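The values are calculated or read from the model by the stated rules, or taken from the named source; none is laboratory data. Just so it is clear, the model here is predicted, and its values are computed rather than measured. Here the Cβ is made from the backbone with ideal geometry for all residues, glycine too, and neighbour counts use every protein chain on show. Ligands, DNA and RNA are excluded from the accessible area calculation, which covers all protein heavy atoms including side chains. Shrake-Rupley method; radii C 1.70, N 1.55, O 1.52, S 1.80 Å.
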Amino acid sequence: MFTHYQTTPLEQWVEDLYEQYEITSPAQLCMSHLAAKLRIWVYTLDMNSMAIENNGQFSINVDRRLSPTEQWEDFLHELCHVLRHAGNQMVMPDRYVNWQEQDATAFQLYAALPLSMLKKLPLPEQKNEMIAYLSEEFHVTFRLAKARIDQIQRRVLQGLLDYEYQQYAQSRTSTYNPANWSDATCAIMAKLEQLKSKGAMSSGQANRLL
């Protein structure tokens, strides 16, 4: 399934982060374990999830009204703000706020369903079964599991298209490389060069040679 898949810099950043803290299995993907590893205080209140900085100390409030899987997903979104972003979004230009939110959404997918772990699993062939399996295995919503699989399929298709184009470009280069010409082709090209150097080749002669 992952043939031709190419990671993004952000995805590789998440993979490196998990490797650094020895997070290698879905069982380790939970708020308490990750927060302890990263030394971030996590608490729950009846208010929207948010990341908070106080004198260099970071904490994350997770909305207590959400389901456990939704709380985990919100935690990952806010964790990205803690690890990668700075500034108060309330006074930040919209374009920067939008970029941070897009970055956090992408981080959420990579952190919730890491590629290194996905590759180790016996994934079902049918897409719906695969989504249901990942939703249960990684304790995420069906929506998030589907978004990750859709993303992977798009990335695989793009990688395949890139590979096919590279093969096509290499074949064209090979075709026009004199080192790969047959003896007959070399003889014809030599004759063409000879006639061209003498200025004696008409268009009719060239057509007959080719």
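Here L79, L113, L121 are screened, and the one residue that is closer than 24 Å to Y5 by Cα and crowded, with 20+ Cβ neighbours inside 10 Å is L113.
The set of residues from the stretch 134-156 being within 11 Å of P26 (Cβ to Cβ) and out of contact with any helix residue (DSSP H, G or I) (no Cβ under 6 Å at 6 or more places or on another chain) comprises just one member, E136. Pairing residues of the stretch 47-71 that are hydrophobic (A, V, I, L, M, F, W, C) with residues that are in a loop (DSSP other than H, G, I, E, B) and buried (at least 16 other Cβ atoms within 10 Å of the Cβ), at Cβ distances under 8 Å and at least 6 apart in sequence or on separate chains, gives F58/I40; I60/I40; I60/S49; V62/S49; L66/S49. Going by what's in this entry, would T24 be described as in contact (Cβ under 8 Å) with a residue 24 or more places away in the chain and within 29 Å of Q166 (Cβ to Cβ)? Considered against the rule, which asks whether it is in contact (Cβ under 8 Å) with a residue 24 or more places away in the chain and within 29 Å of Q166 (Cβ to Cβ), T24 comes out as no. Quick check: is even one residue across the stretch 102-109 free of Cβ contacts under 8 Å to residues at least 60 places away in the same chain, over 19 Å from A147 (Cβ atoms) and surrounded by fewer than 15 Cβ atoms within 10 Å (Cβ to Cβ)? Scanning the stretch 102-109, I find no residue that is free of Cβ contacts under 8 Å to residues at least 60 places away in the same chain, over 19 Å from A147 (Cβ atoms) and surrounded by fewer than 15 Cβ atoms within 10 Å (Cβ to Cβ), so the answer is no. Scanning the stretch 30-43 for residues that are of a type in the set (S, T, N, Q) and open to solvent by less than 50 Å² (accessible area, probe 1.4 Å) yields nothing. Would you pick out the residues in the stretch 141-182 that are in a loop (DSSP other than H, G, I, E, B), modelled with pLDDT of 85 or more and open to solvent by 100 Å² or more (accessible area, probe 1.4 Å)? Within the stretch 141-182, none qualify.
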